[in-house]
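Undergrad: Okay, here's the structure, questions in a sec.
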Amino acid sequence: MAAQQTERDWVFDTRELVRRPGTMREVSREVTTTEPMGTDVIAIPAGHPVQVGLRMESVVEGILATGSAQAAATGECVRCLDEVLEDVEVTFQELYAYPDRAAHHQQVGSRSGAEKDTSDEDEQRTLDGDLMDLEEVVRDAVVTALPFQPVCRDDCPGLCSECGARLADDPEHQHDVIDPRWSALAAMATPTDDDERT
Ligand SMILES: [Zn+2]
Ligand SMILES: [Zn+2]
């Protein structure tokens, strides 16, 4: 049945709390990702566990979700292309409004657009019946927390621009090559000499 399927996913049941302001429930769950969560360079891979701790509080407008999510992200060092493992732990707080409350909220917001309290609520989340879907909230928090340019270590020297060798393995590494700027000049100089001679 569906109950078995929802056991490990991002949807949490708020049934006991709906329309009962002041009540609260705490749950923790290991969610398995169905698709990568992160950016192109580093992400929690699909099929990996995310530890979610969640407190659901019933308030007048809906259910307030406060919690944390923790998982291991994998990526590639932008300098040497080695694998990067990064523990990511995020916290979040989000109000899931009752659909009728959310509609009211938006009307009020559009009538007095300059109101400060609503200016940062570009996206109002709503409950789907009794269900709260945390995936987008956690995804946004994870994307924000992950490094834009993951590196295997802060002082990773990267790869040799000539041959692609890992400079961390061979710090003395160098090549006896003419600087390409000089060889270009040399190539230009030769025909000019010939021209002058003829
Ligand atoms: Zn590296
Ligand atoms: Zn090299």
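The values are calculated or read from the model by the stated rules, or taken from the named source; none is laboratory data. From a predicted model like this one, the values you see are computed outputs, not experimental measurements. Here Cβ is always computed from backbone atoms with ideal geometry, including for glycine, and neighbour counts include all displayed protein chains.
Undergrad: Kindly list the number of the only condition in (1) crowded, with 17+ Cβ neighbours inside 10 Å; (2) assigned to a strand (DSSP E or B); (3) of a type in the set (Lys, Arg) that fails for ARG25.
TA: (1)
Undergrad: More than 16 Å from ligand 2 (Cβ to nearest atom) and not in a helix (DSSP H, G or I), is that true of ASP155?
TA: Yes, satisfied.
Undergrad: Further question on the same structure: Would you mention how many residues in region 127-157 are over 30 Å from ARG15 (Cα atoms) and surrounded by 15 or more Cβ atoms within 10 Å (Cβ to Cβ)?
TA: Residues that pass the stated criteria total 8.
Undergrad: To continue, here is another question. Has region 49-60 got any residue that is closer than 30 Å to ASP155 by Cα, buried (at least 16 other Cβ atoms within 10 Å of the Cβ) and among the hydroxyl-bearing types (Ser, Thr, Tyr)?
TA: No: zero hits.
Undergrad: A further question on this structure: Within region 142-166, restricting attention to residues that are away from ligand 1 (no atom under 16 Å from the Cβ) and in contact (Cβ under 8 Å) with a residue 24 or more places away in the chain, which residue is farthest from GLN93 (Cα to Cα)?
TA: For region 142-166, the residue satisfying everything is LEU146.
Undergrad: From the set of residues in region 62-88 that are surrounded by fewer than 17 Cβ atoms within 10 Å (Cβ to Cβ) and of a type in the set (A, V, I, L, M), which is nearest to ligand 1 (Cβ to nearest atom)?
TA: Only one residue fits best here, namely LEU81.
Undergrad: Now for a different question. Considering only region 131-144, I want to know if a residue exists there that is in the same structural domain as ALA43 (by TED's automatic domain parsing) and out of contact with any strand residue (DSSP E or B) (no Cβ under 9 Å at 6 or more places or on another chain).
TA: No, there is no match, as no residue in region 131-144 is in the same structural domain as ALA43 (by TED's automatic domain parsing) and out of contact with any strand residue (DSSP E or B) (no Cβ under 9 Å at 6 or more places or on another chain).
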